[in-house]
Amino acid sequence: MLTLGINYSQMHDSSASIVRDGELLFAVAEERISRLKHDARFPQLAIEACLDFAKVSAAQIDDVCFGWQPAGQVFRHDLKLYATGRWPVSYLNLLNSSRHFASMWHQESGAAPFRRIFGPGKAQFRYVDHHLAHALSCYAYSGFEDAAVVVMDGRGAWEATSIWHGHAGRLDHVLTLDWPDSLGLFYAQFTGFLGFVPNSDEWKVMGLAPYGQPGIDLSEYINPNDAPYRVHTKHLVGDGIGFAHFAARLGAPREPESDISDQHKNIAFAVQDACEIAMMSVVKLALEKTKSKNLCLAGGVALNSKANGKIVASGLVRQVFVQPAAADDGVALGAALAPYLDGNGKLPNKAMRHGYWGPAFDDEAIEKALQTYKIRHTKLSDAAATAAQLLSAGKILGWFQGRMEFGPRALGSRSIIADPRDPEMNAKVNNAVKFREWWRPFAPSFKKEAAPEYLESAYDSPFMILTAQVRPEKRSVIPSVTHVDGSARPQTVEREINPLYYRLIDEFGKITGVPVVMNTSFNLRGEAIVHTPTDALRTFYSSGMDALVIGSFLVEK
Ligand SMILES: [Fe+2]
């Protein structure tokens, strides 16, 4: 059986994946190919890439599975909220709901553009409930026989948070909190109030939080411990325009790009703190209801690596799997598995141990790009050893190897890497390449065996989706990847999973005694992570990176 999974909501992060006989072959977000960050258009390019990789035509696909309910269900829930006063009825809100419905209805929620672009075929179109698709995307890749499955996001059609019980290859629904009782909405509103882009820049609030102090009372907006939590939408969204209620309590909204005050830091602290308490509360409820000791997390809120790290460190759960593509790009993975539930069927359940599901470019393709642009380059006999030498000499490197990662994190395929021992390296990478806000931390990639020596928890963290405390005596050893509160967001790299990247870290360790590198995504601020060799070269020459190790080639400035 060949199935395509698709995320297409016209909201954000369109993506596609392809599964053959229960085995995931390939997945990619539209933004990587189109170069439009969070691209919400129909994922034509991503679908084409899936078909190319699997060497099949659209006519051979058995099921095309969208990770959303049909358009009418989103609209009906909106109308119910307007009618009951749970969401402000404004001209703008009504217009947005109607416009979204009309467009999705016209497109048959994606089936119409699929048929138009790829022609008629035997494929059955399916619409998988959004939270079920998220839940499938984590349980079916966890490798756990039995698990509590928690989905928390901005919104599905009607869902905000849901709990499921994964058992023996099946998923049972336990409970759903309807939108707008949403942790994602709570966090996004404050992200906007703090001058960042909602549903995109929540990382920035999370990074800012440790600079704040406790003391801001958000109880008018959320009760984070109310079996499991309660969001007070009326105050949170006011009339749906502006931040009048926030402003009266917390001061004026921050202008984008303006200075960060102590009040902003303290608000970020309070928002993150409330979110952590609420997430923990949902997890406790899920464990209680399912009587399971294992936990799977998905949905955009599960990208909150700080909260995830606290859940892991709490000792409440035996094993945790957080879907690396926890946000909506990841529903393509889950939707593609929905047909396996037909007729009381069982889900395939193989633990996902890496995120390298995207396209790769071989040396021939890379050399062709280098020659096309007449770029001077050297062929390397040992890319990992050369990269380690350059890193130990303080160089900032672009590292482009193998299959591109699926999900928001660079995990050693499309990465910018640097020496984590240099306390100035954070500022150097920021000034030369990323141009990011000063408070956002960079993350470390560890040789897996070395993680316990440096970290207090998260020894198995292949996806950089958990934070852990760096051992106090090691904080000065890797200062540029240790956050102000002593935490880090580690990737643990295994020899069998990514031999080349592992060897780079190992070689760096042999030279310096520290088997850890700083790893950030290979992109400029506001751009999608690089996809092709051309993207990599363009980014390299638009930044202050010193060298680029691309396939077996070295490019130096
Ligand atoms: Fe979602």
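The values are calculated or read from the model by the stated rules, or taken from the named source; none is laboratory data. From a predicted model like this one, the values you see are computed outputs, not experimental measurements. Virtual Cβ from ideal backbone geometry, glycine too; neighbours counted across all protein chains shown. Each accessible area value is taken on the protein alone, full model and side chains, heavy atoms only, with ligands, DNA and RNA left out. Shrake-Rupley method; radii C 1.70, N 1.55, O 1.52, S 1.80 Å.
The selection criterion, being more than 14 Å from the ligand (Cβ to nearest atom) and open to solvent by less than 10 Å² (accessible area, probe 1.4 Å), does not hold for Leu316. Starting from residues that are of a type in the set (A, V, I, L, M, F, W, C), open to solvent by less than 30 Å² (accessible area, probe 1.4 Å) and not in a loop (DSSP other than H, G, I, E, B), keep the ones in the range 178-205 and report whichever is farthest from the ligand (Cβ to nearest atom). Ranking the candidates gives Phe193 first.
Restricting the range 95-107 to residues that are surrounded by 14 or more Cβ atoms within 10 Å (Cβ to Cβ) and either in contact (Cβ under 8 Å) with a residue 60 or more places away in the chain or of a type outside the set (S, T, N, Q) (or both), the residue that is farthest from Gln73 (Cα to Cα) is Gln107. Taking the numbered list (1) over 21 Å from Glu159 (Cβ atoms); (2) open to solvent by 40 Å² or more (accessible area, probe 1.4 Å) in turn, Arg230 passes all entries but (1). Of the candidates Gln491, Gln469, the single residue that is open to solvent by 40 Å² or more (accessible area, probe 1.4 Å) and either among the basic types (Lys, Arg) or touching a residue at least 12 places away in the same chain (Cβ under 8 Å) (or both) is Gln469.
The numbered conditions (1) within 21 Å of the chain's Cα centre (by Cα); (2) closer than 30 Å to Pro256 by Cβ; (3) not in a loop (DSSP other than H, G, I, E, B) are all true for Trp439 except (3).
Among the residues of the range 108-135, the ones that are away from the ligand (no atom under 16 Å from the Cβ) and within 22 Å of Phe75 (Cβ to Cβ) come to 7 in all.
Residue-by-condition table, conditions (1) modelled with pLDDT under 95; (2) over 18 Å from the mean Cα position of the chain (by Cα); (3) within 16 Å of the ligand (Cβ to nearest atom); (4) within 30 Å of Val530 (Cβ to Cβ):
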position	(1), (2), (3), (4)
Gly330	no, no, yes, yes
Ala335	no, no, yes, yes
Ala338	no, yes, yes, no
Leu347	no, yes, no, no
Met352	no, no, no, yes
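Of the numbered criteria (1) closer than 21 Å to Ser182 by Cβ; (2) more than 16 Å from the ligand (Cβ to nearest atom); (3) in a helix (DSSP H, G or I); (4) of a type outside the set (D, E, K, R), the one Trp87 fails is (3). Only residues that are more than 11 Å from the ligand (Cβ to nearest atom), under 21 Å from Gly355 (Cα atoms) and either of a type in the set (Gly, Ala, Ser) or open to solvent by 10 Å² or more (accessible area, probe 1.4 Å) (or both) were counted across the range 136-146, and they come to 5. Between Gly412, Gly343, the distinction of being within 28 Å of Cys138 (Cα to Cα), more than 16 Å from the ligand (Cβ to nearest atom) and either surrounded by 22 or more Cβ atoms within 10 Å (Cβ to Cβ) or within 27 Å of the chain's Cα centre (by Cα) (or both) belongs to Gly412 only.
Taken together, the residues in the range 156-176 that are open to solvent by 30 Å² or more (accessible area, probe 1.4 Å) and out of contact with any Lys or Arg (no Cβ under 8 Å at 6 or more places or on another chain) amount to 5. For the range 242-250, the condition of being open to solvent by 70 Å² or more (accessible area, probe 1.4 Å), in contact (Cβ under 8 Å) with a residue 40 or more places away in the chain and not in a helix (DSSP H, G or I) holds for none of the residues. Just to verify a result, which residue in the range 377-409, among those that are part of a strand (DSSP E or B) and in contact with a Ser or Thr (Cβ under 8 Å, 6 or more places away or on another chain), is most open to solvent (accessible area, probe 1.4 Å)? Top of the filtered list is Lys379. Inspect the range 368-376 for any residue being assigned to a loop (DSSP other than H, G, I, E, B), open to solvent by 10 Å² or more (accessible area, probe 1.4 Å) and touching a strand residue (DSSP E or B) at 6+ places or on another chain (Cβ under 8 Å) and give the result as yes or no. Yes - at least one qualifying residue is present in the range 368-376. Each residue in the range 24-68 was checked for being outside any loop (DSSP other than H, G, I, E, B), of a type in the set (Gly, Ala, Ser) and either under 18 Å from Met404 (Cβ atoms) or open to solvent by less than 50 Å² (accessible area, probe 1.4 Å) (or both), and 7 pass.
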